[in-house]
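The values are calculated or read from the model by the stated rules, or taken from the named source; none is laboratory data. Worth saying up front: this structure is predicted, and the values here are computed from it rather than measured. Methodologically, a virtual Cβ is constructed for each residue, glycine included, from the backbone with ideal geometry; neighbour enumeration extends over all protein chains shown. The protein model used for the area step is the full one, side chains on, heavy atoms only, and it has no ligands, DNA or RNA in it. Shrake-Rupley method; radii C 1.70, N 1.55, O 1.52, S 1.80 Å.
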Amino acid sequence: MADELDPPVRSTTDASPPARTPTSPGSSGMRLGDWLLGDEIGHGAMGVVYRARHATNGRVAAVKVLSPHLAAEERFVERFEREAQAMRALTHASIVAIFDQGVTDGLPWLAMELVEGMNLRERMRTKRLGDEQLVRFAIGVCQGLPHAHAQGVVHSDIKPENLLVETWGKAKIADFGLARLFGDRWVELSRLSASGGTVGTPFYMAPELLKSHSPDARTDLYSLGVVLYEALTGDLPLGRFRRLRELRPS
C-alpha cells in the first residue's frame, strides 16, 4: 500500500457551511473527492472513519471525516491538517500511510491505508498477545518510530489506541494528530488544550512533558515502554510498580 503510487493531494478552500456527514453504515454513494464511502468502521472524539473505494482505480482505503461541529473550530481543523501533514512525510511499513486529503462542503477528510485488524487496546481486551507476538509487534513499532524521528516528526501520543495490530500480528502506528516537528527544524505545531494543559495522554507521557519540556524521540520511547509494560502485565506502571520479570518471568 505505502509503496503504491499515491494520488495527488488536493487542498480546497471551500468556505460553505459544513454539510451533513454520513451517520450510518448505509450511507453508500456519498462521495468525498474521488472516494465513495461505504460502511462505518470506527469513530472517536474527532470524527468517523469509513471504508471507502476510489472511484477511478478501485483502491480501498479508510477515510476519516472530521465531525461537522468540530469543522467549525479552527483548532480542531488545524489538528486534523497536522495529522495529514505528519503522515505524508512518512513512508514506512509500520506507519499507516496517507493517500489523499481534502475538504468537501466544509468537511475536512483524509484517506488512509486500511488496516485489517484492531488497535492494541481492543486486542488486549479480547486476547492478550503471546510473548513472541508481542516481541514481533514491539519490533515493528521500534522500527517505525525511528523512521518518524529521522524525518523530524515526534508522535507525542503513543498509547494502545494509536497502535494497530494487523490480522497477522504486524504493527502499524496511527493517529499523528498531536505530532510535532523537532530537531534542527523545530516548529511548534501543537497547541495547549482549552484548559491550558499539555496535550497528550497523561498515563503514557514522560514526566518531562508534564513539566512543559519539549518532546523528542526519547519521550515517544518512554510512552512505548509504558504501553509494552501494560500489554505484558495488564497494568500501568504507576507508583511503586512491580518489575516486569516478576510478573512475566518468560
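At-a-glance table
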| item | result |
| --- | --- |
| In the range 219-241, residue farthest from the chain's Cα centre (by Cα) [restricted to those that are surrounded by 12 or more Cβ atoms within 10 Å (Cβ to Cβ) and not in a helix (DSSP H, G or I)] | 241 |
| Breaking point among (1) modelled with pLDDT under 80; (2) within 15 Å of residue 174 (Cβ to Cβ); (3) of a type outside the set (Asp, Glu), for residue 47 | (1) |
| Candidates 174, 179, filtered to the one that is touching a Leu at 6+ places or on another chain (Cβ under 8 Å), open to solvent by less than 10 Å² (accessible area, probe 1.4 Å) and modelled with pLDDT under 95 | 179 |
| Scan of the range 199-223 for residues that are among the polar types (S, T, N, Q) and under 13 Å from residue 154 (Cα atoms), ordered by number | 214, 219, 223 |
| Residue 118 vs. criteria out of contact with any strand residue (DSSP E or B) (no Cβ under 7 Å at 6 or more places or on another chain) and either touching a residue at least 40 places away in the same chain (Cβ under 8 Å) or assigned to a helix (DSSP H, G or I) (or both) | no |
| Scan of the range 141-155 for residues that are at positive phi and in contact with a Ser or Thr (Cβ under 7 Å, 6 or more places away or on another chain), ordered by number | none |
| Which listed residue is more than 23 Å from residue 228 (Cβ to Cβ) and in contact with a Lys or Arg (Cβ under 8 Å, 6 or more places away or on another chain), from 178, 164, 110 | 110 |
| Scan of the range 204-218 for residues that are open to solvent by 100 Å² or more (accessible area, probe 1.4 Å) and more than 22 Å from residue 161 (Cβ to Cβ), ordered by number | 211, 213 |
| Residue identified as among the small types (Gly, Ala, Ser), over 14 Å from the mean Cα position of the chain (by Cα) and modelled with pLDDT of 85 or more among 33, 29 | 33 |
| Qualifying residue in the range 105-115 (condition: part of a strand (DSSP E or B), among the β-branched types (Val, Ile, Thr) and within 30 Å of residue 72 (Cβ to Cβ)) | no |
| Residue in the range 72-86 that is closer than 22 Å to residue 31 by Cα and more than 18 Å from the chain's Cα centre (by Cα) present | yes |
| Given (1) open to solvent by less than 40 Å² (accessible area, probe 1.4 Å); (2) over 20 Å from residue 203 (Cβ atoms), index of the condition residue 158 fails | (2) |
